[in-house]
Amino acid sequence: MEKLEEILLEQFKESQFYAKYQDKYISDIILRNVFPCDKKLHQMNGQEKDYSNVHQYNVDVMRDLYYLFAVPARIEDKDILWEMIYAFYLDPDGYAIKERAGITCSADGLFSIRRIYRKHGLSEEAIEEYEKYRKMPIFFFPQERNGINMSRASVFGDRIDHTLFDLKNYFQGNKENCRLATAYRLPKTSKWLEDLGSFEELVEWYGIKGIFVNDDYEVFDLERGGESVITQYSDQYRWEWSDTYYGNLKNKIGAFMEDAR
């Protein structure tokens, strides 16, 4: 172990965070994966069984990591703090399930913890943003290797608006020209799409009319904002989002949560 790691480990073990989680899974997994230490893992408490509980678990531990370790120890190393979060973090998407035509569909969060962290680091703003905008799942896709969940990240830079635009093209008969055509041909995804039958039914299934699409089922362009709609694919898609897109997506999620009350 290098000198810097030794110092960080000492700071970690002297922190209130470690005192709170000592001999529990959270501190164990950080010690084993980040420093690393030869550490046997304790079992998790067992309450992280559904989306809501997992989401709150992430919020609580991130807040503790921030206020009980990062702030008092004045840790500014974004890489080491990310490694700690990545060690204990549980993806709530795997705990939210919907079924359609016998096909199990899992949630696909619009703001990944990695994206939020890259924008804000470990901060109260990041924690609050994660708490609010990952509180409720909106989109679900069939659980299938190389399915829509995974493919849209690489093809569209994780942009949900262009994913919806591609799905609309599929239902309008432009199947082979869709950017996610390979995913659409997968057995489970194909059956799911066949059961939906139309883009209008997909929109109703998600409950996103008036939020992500307008009354004419045109897909709102989150890059341009306002009432702008997507009429064609972009020349290229990057994983990095503009601040405009990021902010507009937050507004859409907020509107969905307000409408769901």
Does region 221-245 hold any residues that are touching a Leu at 6+ places or on another chain (Cβ under 9 Å) and in contact (Cβ under 8 Å) with a residue 24 or more places away in the chain, and which are they? L222, I230, W241, Y245
Scanning region 103-127 for residues that are more than 16 Å from the chain's Cα centre (by Cα) and open to solvent by 30 Å² or more (accessible area, probe 1.4 Å) gives T104, E124, E125
Single residue of region 20-31 satisfying the filter (in a helix (DSSP H, G or I) and free of Cβ contacts under 8 Å to residues at least 40 places away in the same chain) that is farthest from R74 (Cα to Cα): D28
Lone qualifier among L4, L8 - being out of contact with any Leu (no Cβ under 8 Å at 6 or more places or on another chain), of a type outside the set (K, R), part of a helix (DSSP H, G or I) and exposed (fewer than 13 other Cβ atoms within 10 Å of the Cβ): L4
Going residue by residue through region 89-102, is there one that turns out to be crowded, with 20+ Cβ neighbours inside 10 Å, closer than 22 Å to R32 by Cα and either among the small types (G, A, S) or modelled with pLDDT of 95 or more (or both)? no
Applying the selection to region 62-78, what residues are at pLDDT below 95 and under 20 Å from the mean Cα position of the chain (by Cα)? K78
Residues in region 119-142: is at least one closer than 18 Å to L249 by Cβ and of a type in the set (S, T, N, Q)? no
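The values are calculated or read from the model by the stated rules, or taken from the named source; none is laboratory data. Note that the coordinates shown come from a computational prediction; the quantities given were computed from them, not determined experimentally. Cβ: placed from backbone, ideal geometry, glycine included. Neighbour counts: every protein chain shown. Just so you know, the surface numbers come from the protein's heavy atoms only, side chains and all, with ligands and any DNA or RNA stripped out. Shrake-Rupley method; radii C 1.70, N 1.55, O 1.52, S 1.80 Å.
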